[in-house]
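Data block below; observations after.
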Amino acid sequence: MWTARWAELSPSHVRVPVFHAILEPQNDNNDPNETDWSGFLFETPIVVAGEPARSLTYKGWFEALRSMPDVNVVLYFPYLAPWLSKNDPIAGFPIPAAPHPPNDLAEYREFVTAILRYLVESIGLPATRITVEVTNEPDLLCGVDPATACFWEDWTMDDIAGVVQATYEAVRNVDEDIELVGLAECQGTGVVRELMDNYPQGRYLDGLSFHYYSPSGFKLNPVLGRARELAPYGRPLYLDEYGSRQFLSEGKDGALWHSWALVTLWNAGIAPLQYPISEYPLIGEPYNSMGLFENWLGEWSRKPSYWVFANFFRHMGHDERLACTAPSDMDILAARRVPGQEVQVAFWVVNRGDSPLVDRTFAVSGFPGQEATLFVYDNLASLAPVLSMSAAGSPLVFTATLPARSSYTFVIRKTTDLYLPVILRRDVRPR
């Protein structure tokens, strides 16, 4: 069921927690330069929930990800087995685990190398589809969120640099095409800026990542501020854990929040990775309710927020973003693609207001030909178009009414024998 949901969502990235405490609960041997594969538990069932108990294995999980050829797998390592940690085990945790930093960087490098070798050599996942996030929330304030145990305790910047170095060496041991990103801060950008400015290990990062949970309303200003702080480093930016603590992913409110957030992040040049994708019984609240599909013991029914992401990845998230402007009463994102000989321009439009937006006119100039087919998708409902019609003219024009509290994608398609530039006119105006 999980694989089916992933395939339907068609995300560009899936973020996967790799628990050292599950995969190597005891040291495989005393030689970090020689791996004893019998010490790594890729095929050991991990019991999750239910009667009879449901379980999964890392082998099955990795194979499911391999089966989706367009998905990039983002690995992160949230906790250590106690034997490799400088810290004591976490009290009350479901498995024996401890926070970072590791007490032996050579052993940590061996662990990351083994994971990557297993993915590439045993599972057959192409290295070009693997991203490693070198840390998870190495922030200056520990224990701010009472629902989450600390990931890093009693650490210094030298510990961070050492983990980056060891992870980079692990990547080099396996395949240089594996991407390295970090540092997944959740309270600012101070740690990553310190690494980039004052440590040579900063140059190993191919991208920069961070986390943010909006406390209330339609607000992502701290995210945009962090993006501006990190932009001078010239790396791609990933918001790979985020959500709304007010709306979660529940009902229409949650779906509208996500519709708006995707516009805001994409227009700011930030790649958003929804986390978690599913409700998961061990993750705890409020994070469990941020999942896009629910009912672990049933059929994993889809929330309206699920359809928001499915439509976004299907129509917008893999495409070239186009510059556009719009009135303040709507949120809009535009993108284009040229798959084979079919030119497509898509508008993602959100009306968060309580009144309909009547007869709004959209125009595209430079479209090949003066006729095309327009498909309309309700982003909160399904992947099937709710309407199709013709669009015509030069520039190509169509008019639509947006109901109150709604989110729609308008897709214009034209099959052509000649590729021509497609430029969105910088006005979206009432007729």
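The values are calculated or read from the model by the stated rules, or taken from the named source; none is laboratory data. Every value quoted in this text rests on a predicted model; they were computed, and no experiment measured them. Positions of Cβ are generated from backbone atoms using ideal geometry, with glycine treated the same way; all protein chains shown enter the neighbour counts. In case anyone asks, the SASA skips ligands and DNA or RNA and just uses the protein heavy atoms, side chains included. Shrake-Rupley method; radii C 1.70, N 1.55, O 1.52, S 1.80 Å.
Laid out as a table, the results:
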item	result
Any hit, the stretch 85-99, residues being part of a helix (DSSP H, G or I), closer than 19 Å to Glu24 by Cα, among the β-branched types (Val, Ile, Thr) and in contact (Cβ under 8 Å) with a residue 40 or more places away in the chain	no
Number of positions in the stretch 179-220 that are farther than 25 Å from Thr264 by Cβ, among the polar types (S, T, N, Q) and either surrounded by 20 or more Cβ atoms within 10 Å (Cβ to Cβ) or in contact with a helix residue (DSSP H, G or I) (Cβ under 7 Å, 6 or more places away or on another chain) (or both)	1
Odd one out for Gln370, checked against (1) without any contact (Cβ under 8 Å) to a residue 40 or more places away in the chain; (2) buried (at least 18 other Cβ atoms within 10 Å of the Cβ); (3) over 25 Å from Arg405 (Cβ atoms)	(2)
Hits in the stretch 304-314 - residues which are open to solvent by less than 10 Å² (accessible area, probe 1.4 Å) and not hydroxyl-bearing (Ser, Thr, Tyr)	Val308, Phe309, Ala310, Asn311, Phe312
Some residue of the stretch 223-245 being open to solvent by 30 Å² or more (accessible area, probe 1.4 Å), among the small types (Gly, Ala, Ser) and outside any loop (DSSP other than H, G, I, E, B)	yes
Residue match in the stretch 331-340 (condition: open to solvent by 20 Å² or more (accessible area, probe 1.4 Å), modelled with pLDDT of 85 or more and closer than 18 Å to Ala400 by Cα)	yes
The one condition in (1) part of a helix (DSSP H, G or I); (2) in contact with a Ser or Thr (Cβ under 6 Å, 6 or more places away or on another chain); (3) of a type outside the set (Val, Ile, Thr); (4) open to solvent by less than 20 Å² (accessible area, probe 1.4 Å) that Ala161 fails to fulfil	(2)
Any hit, the stretch 123-137, residues being in contact with a Ser or Thr (Cβ under 9 Å, 6 or more places away or on another chain) and of a type in the set (A, V, I, L, M, F, W, C)	yes
Some residue of the stretch 66-84 being modelled with pLDDT of 95 or more, part of a strand (DSSP E or B), among the polar types (S, T, N, Q) and open to solvent by less than 50 Å² (accessible area, probe 1.4 Å)	no
Single residue of the stretch 300-332 satisfying the filter (in a loop (DSSP other than H, G, I, E, B) and of a type in the set (D, E, K, R)) that is farthest from the chain's Cα centre (by Cα)	Asp329
From the options Leu105, Leu125, residue that is in contact (Cβ under 8 Å) with a residue 60 or more places away in the chain and within 27 Å of the chain's Cα centre (by Cα)	Leu125
